Every structure is written in structure tokens, then in C-alpha cells.
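In what follows, a structure is listed as C-alpha cells, so that the remarks can point back to it.
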Amino acid sequence: MKSFIAIDIGASSGRLMLSQWKDDQMTLEEIHRFKNGFRQQDGHDRWQIDYLIQEILLGLQKAKHAGITSCFVGIDTWAVDYCLVDQTGHRLGDPIAYRDERTNGAIAAFGQRYSLQKLYEKTGIQLQPFNTIFQLANEDPQLLQQADKLLLIPDYLGYVFTGKMVTEKTNASTMQLLNVTTQTWDAELLNEIGVTEALFPPLVDAGTTLGTLNHEQFPSYDLPQATFVTVASHDTASAIIGTPAEGSDWGYISSGTWSLLGVETKVPNVSMTAFNENYTNEWGAHHTIRFLKNIMGMWLIQEVARQQDYRYSYAELASLAENTPAFQQFVDVNDPRFLNPKNMITELQAYCRETQQKVPQTAGELARCVYDNLALCYASELQQLAQLTEDGKKIQKLHIVGGGSNNCFLNQLTANIAQITIEAGPSEATAIGNVLMQMINAGVFASLSEARQAVKRSFPCVVHKPQSHESNIVTEYQEFLKGVG
């Protein structure tokens, strides 16, 4: 029986998940979990790459000790961040995290010398200050001179374990450097930031065999024989692969630290309306496009919990919110001030104070404020998304996958406000999507459609139907945003 291991690393945690295909169903078992996060170093917020490498090795060793002597392995992580390596293959320092302040004002500065609308028309990627193009525009010139190659985080990790350098396309699309029409690097944009195509390893499709684990590099670890596959290495791309959807009338929210709300399509939308609404056209596996909107997501509640020293669990915060009066304030959850504030609680309170609204004080009020406004944002964007899709077709079903699929309070609130049926789960969609690309590579499934049917059979979802009619509040919310915009 073949074994498949998904290495799935998010901004706050990572894990190794073991999957096998037996009795017409997928199994999924966590074999190792570890924390992740950036820390201040040399004046920047940086990821601890050596620590991640060590944790992956510990996880693979656990798999070997559990009897997994050979396996396939795929790696997915967050997008846009990168490692620079010199001609000898050595890393030039730890990578700077996307929430670092170095790209504050980067979009405006870039826009002074290059049309932002043209940038969107070329790449189809939404304007976010942390996109790789803006990071590179603010990179240390001396460091860039020393660099021979740039590797996105999952590609760098794959290189560490196999010695092979590639650039996986679904993740590369988020860099805002690939031309959505030609499907390759845009020479004009590269020139604009002072780099050449030679900086990047070859582009490869998701599902490509990368290479075998180089055991000689890790003599102190007892590791299985492992074949690494370049899965859809952007975690959102993997999550959408792992979404148990059928037909064409569905949308999704990949709900984690970020909430990614969108549809799967074949044709990019680089219209003026899509540009103005800041929708993105990220590449998916099997020549699909993830047309979606980035929403600040569970980061808000994660930071509220952290600032209270985790006195309350997320389940307790949801319970407190449920027993607190609703819609006491409107908040633009995508306001840049919430990207990486020193204190999320005081930032939310300051926002409400500045907009002359009731200031949330208690844990319940803060949680209710976050959840109400996430649900309102989701509902508002679903309306906008319907207008941006072909023929304005209404989305009939919303799949919520990822960690946020476990938040029954927020999911039901979203169903009520958006007046849409929600299927919540699987919570491990990213790891599942990672594994599916390995399984397709290994011949277990013949197509993405067949693989998704297997997910539906293997991992039951929770259905949330609208229980009350609260959609009018969306109009009030939208009017508020216009007023503060």
C-alpha cells in the first residue's frame, strides 16, 4: 500500500499528515505538529527556516519509526515569501516575512513609476503590499547582487531535501511577476524591479515529480525512502484542490489565518471592475484559475486571543460571541491597519472610536465584533463575486474549508447573512489537496474530479442552511464602508 505525506506549513503552525488509499477511501492521520511564526531579527520580521527544516526531519523520522519505509511527500506553505541563495546553493539569511514593515507604502511608490492598472492587466494579481514584486522592489540591492537564485518557501524546502531547484506555478503566480496571457515571466516587470529571468529556477506544473530525499545530507536522522512531488505548493491552491465540490455553481472560502473567497474558473478576469474590487487570478492545478478576494480572516480572532494570553479558547470566544448582542459596530476587516498591529484589541477599539461607534470591551464583545464583520464581509463579497463572474451567475453553494470550517457559529452566521447554503469541511483541505496531487502523480486517481469525489466520500461535511433573514444588514455595512473609504 502506497503512503503519502503532506507537509503543510501555515503562518502559525505546521504539520505532517499521513494518508493512504484503502477500501475506496482516503485516510488522514497527523504524525507531527509544530508551531511556526516569524521573529524580529536584524531589524526585520523573519521566518526561522532552519527550525522548519528540523521539524520536517523529525516528522519524517516519526513516520519511519511508525513503519513507513517508503512514501511520497509534498510540501505546501503560504505564498509570496522567498529565500535567496548564492551560486554555491547557500541561503543568504532567513527570509523576511510578508507582514514586515519594509513594504509599507510599496504600492504607492511603485505606482508613481508604473501603471498599477497595467500591472493588474498583465498579471491578474490583486494589489497587496506584500506581493513578491513589491518585496523585491524593496530588497537590499547588495543581497540581490549576491543572489544566484530566488526560491519560494516550499520550493526552497524541496531543494533542501532533494537538491533540485524549481518554481512551482500555482505559488509563483502570487508573486505578481508572471504574465497571465503568456504564462511565463513578464520581462518588462522583471526589468522594472531590476532582476532577470535567470534569478528564477524553471517553472513546473503542480503534480511534477521533484526528486528523491537525499539521505546523505541528514546522516543523524533515520528517514524513509521518499519521493518528493511538487504539489500545488501555495496552501490555498492545495485547499481548493481538496474541496469536495461538484458542478459549476459553487464558491469557496479557504478559511484560516487568511480567508480566501472565490470561485474556480478556466478564464482570468482582468477587467477594470475586477481591478477596482481588488480580485485576484491565482493559478490553480490542472490549468484552473482561482478568482478570489483576500480577506483578513481568522488572523483577527487569533490576535484577539493572543492579546488576552489565550485566556479563552477559540470555542469559548465563539460561545461568548453568540451570547453577545449582534451588529454593534461595523469594521472594515481589510483595513491595512489590521495587517500586523502591535495590539489587535486596541487597534479594533481605536477604529471603532474613530468611526464614532460603540467600542467593544469584553472578550465577548471583541469576538462578536470580529465574527459579525467577517460574516458581513463574506456576504458582501459574495454579492460582488456574482457580478464579476460570467453572466452574473449566482453561487448556489458555498464550501468553507480549512480550520475555519470548524467554527459553527461563524459559519451559521454567514449562512444567515448571505442567505446561502454552506458545506463546512474538511478542516484539513489543504493537506488533503496536497495528498491528492501526489496520488494523481502516483496513478491512484485519473483526474481532479475523480479525486474530489473521493474526498466527499472520505470526509463528511457539516451543512448550514439559512435559519433567519439578516441580509438587509449587508446593505448597511456596504454603505458604512463607502462612508469611511
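The values are calculated or read from the model by the stated rules, or taken from the named source; none is laboratory data. Worth saying up front: this structure is predicted, and the values here are computed from it rather than measured. Here the Cβ positions follow ideal geometry from the backbone for every residue, glycine too, while neighbour counts run over all protein chains shown. Accessible surface is based on the protein model in full, side chains and every heavy atom, while ligands, DNA and RNA are left aside. Shrake-Rupley method; radii C 1.70, N 1.55, O 1.52, S 1.80 Å.
One table, with the values for the structure above:
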{"quantity": "In nm, spacing of pseudo-spin labels at Asn104 and Thr265 (7 Å Cα→C-beta vector)", "calculated": "3.5 nm"}
{"quantity": "Excluding exposed DSSP-loop trypsin sites (Lys or Arg not before Pro) (at most 16 other C-beta within 10 Å), longest clean stretch of the chain", "calculated": "114-265"}
{"quantity": "Fraction of accessible area attributable to carbon and sulfur, the chain (%, probe 1.4 Å)", "calculated": "46 percent"}
{"quantity": "Selection from Leu136, Thr184, Leu157, by position along the positive dipole direction of region 131-184 (Cβ)", "calculated": "Thr184"}
{"quantity": "Kirkwood-based Rg to Rh ratio, region 236-369, C-alpha trace", "calculated": "1.04"}
{"quantity": "Chymotrypsin sites (Phe, Trp or Tyr not before Pro) within region 231-324: DSSP coil, no more than 16 neighbouring Cβ in 10 Å", "calculated": "Tyr310"}
{"quantity": "Whole-Å distance, taken between Cα centres, linking region 26-69 and region 71-92", "calculated": "14 Å"}
{"quantity": "Low-density loop cleavage sites - GluC sites (Glu not before Pro) in region 227-296, where at most 13 other Cβ are within 10 Å (DSSP)", "calculated": "Glu246"}
{"quantity": "Cα→Cβ-extended label distance, 7 Å offset, between His65 and Asp50, nm", "calculated": "2.3 nm"}
{"quantity": "Contact order normalised by residue count of the chain, Cα under 8 Å, 6+ apart, percent", "calculated": "16 percent"}
{"quantity": "Structure-derived P(r) over Cα pairs in 20 Å bins from 0, in percent: which label, when the choices are (1) 22, 48, 26, 4, 0; (2) 18, 41, 33, 6, 2, 0; (3) 24, 59, 17, 0", "calculated": "(3)"}
{"quantity": "Antiparallel bridges, percent of DSSP beta bridges restricted to the chain (to nearest 5)", "calculated": "70 percent"}
{"quantity": "Length released on extending from Gln41 to Lys394, taking residue separation times 0.36 nm less the Cα-Cα span", "calculated": "122.3 nm"}
{"quantity": "Isotropic mean projected area of the C-alpha convex hull, region 354-485 (nm²)", "calculated": "10.6 nm²"}
{"quantity": "Gain on full stretching of the segment that runs from Ala386 to Ser468 - 0.36 nm per residue minus C-alpha separation", "calculated": "27.3 nm"}
{"quantity": "Relative contact order computed over region 57-195 (Cα-Cα under 8 Å; 6+ residues apart), in percent", "calculated": "30 percent"}
{"quantity": "Reciprocal of mean inverse Cα separation for region 74-179 (Kirkwood radius, Å)", "calculated": "14.5 Å"}
{"quantity": "Orientation-averaged projected area, Cα convex hull of region 11-146 (nm²)", "calculated": "11.8 nm²"}
{"quantity": "Above-threshold pairs, the threshold being 29 Å between Cα atoms, out of Lys35/Lys164; Lys266/Lys394; Lys22/Lys64; Lys22/Lys62; Lys2/Lys397; Lys293/Lys482", "calculated": "Lys2/Lys397"}
{"quantity": "Mean ellipticity per residue at 222 nm, deg cm²/dmol - from DSSP H runs of n ≥ 4 across the chain, formula -39500 (n - 2.57)", "calculated": "-10500 deg cm²/dmol"}
